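Please read the structure below before turning to the comments.
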Amino acid sequence: MARFGIVVEGPCDQLVLKELLPKCLGANCEIESRAWGTSGVVARKFCNSLNEFKYLGVDKAFVVRDSDGKDPSALKANMQARIGNRQYPFPVNFIVIVQELEAWLLADENAISKVISRPVRRQPDAIEDIAPPKERLKRILSPSVVYTREVARSIAAAIVDIGRVADRCPVFKTFWYDVSDC
């Protein structure tokens, strides 16, 4: 069984990724996760979590953050530079989500429909260009459902076809490939 270390911004991201990781693998996996509160803090503190993971037997680690409208390539390069000469007994992958994690949730209107018990219209094809996706998701859910981390987890749990999300969100496709390559 694969064991992953995940460093994320907050509890919502933890819950969503704990639902999505096993779907990416098509199997059970163990997940150690750490949340740092905001993307800026993740960028500064993720090495602390990676050091913890050394003693927890992870096979691969992911540092996942939102781009929040900034250049994802530059953010990823900055995080890679922060590692410097540190050595870890596992590969470390950096995933910078274009805009926010909620873009991945918006990619599957069937999952959202299942959670809120009413039909939801398919979002535009350029799902990662929606800014900010969290606000779009909140509008789709209202007035009957308030967006919470549990609602986000439920949407992720309701995703049946992970390939659908990968087809609509290139960064998710990269994440899926990186997880599967363990």
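Since every read-out is calculated from the coordinates, none of them should be taken as a lab result. Here the structure is a predicted model, which means the values were calculated and not measured. Using ideal geometry, Cβ is built from the backbone for each residue, glycine included, and neighbour counts are taken over all protein chains shown.
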Handout entry: All-pairs Cα distance distribution in region 56-109, expressed in whole percent, bin size 5 Å
Key = 4, 18, 22, 20, 16, 12, 5, 2, 0
Practice task
Springs between alpha-carbon atoms under 10 Å, Gaussian network over the chain: tell me which of Asp161, Asp108, Asp13 tops the mean-square fluctuations.
Solution key: Asp161
Completion exercise
Taking the chain and counting helices only, DSSP H stretches of n ≥ 4 at -39,500 (n - 2.57) each over all residues, the nearest-500 ellipticity at 222 nm comes to -15000 deg cm²/dmol
Problem - Spatial separation of Cα centroids for region 143-164 and region 16-66, in angstrom - result: 20
Fill in the blank from the handout: Quick note, region 129-169: a/c under 1.5 would make it rounded; otherwise a/b > b/c is prolate and the rest oblate (a ≥ b ≥ c, C-alpha gyration tensor); here it is oblate
Practice task
Work out the length of the dipole vector of region 43-182 about its Cα centre, built from +1 on the beta-carbon of each Lys and Arg and -1 on the beta-carbon of each Asp and Glu, and round it to the nearest 20 debye.
Solution key: 360
Handout entry: Dipole magnitude (debye, nearest 20) for region 1-118, charges at Cβ of Lys, Arg, Asp, Glu
Key = 380
Practice task
Could you pull out which residues in region 21-37 have an amide N less than 18 Å from a spot 7 Å beyond the Cα of Arg82, following the Cα-Cβ vector?
Solution key: 33-37
Practice task
Run down the lysines and flag those whose C-alpha is under 30 Å from the C-alpha of Lys138, throwing out any fewer than 8 positions away in its chain.
Solution key: Lys18, Lys23, Lys45, Lys70, Lys76, Lys114, Lys173
Practice task
Evaluate the relative contact order of region 61-176 (contact order divided by residue number), counting alpha-carbon pairs under 8 angstrom at least 6 apart; express in whole percent.
Solution key: 28
Fill in the blank from the handout: Counting only residues 5 or more apart in sequence or on a different chain, those whose built amide H sits under 5 Å from that of Arg34 are Ile6, Val7, Val8
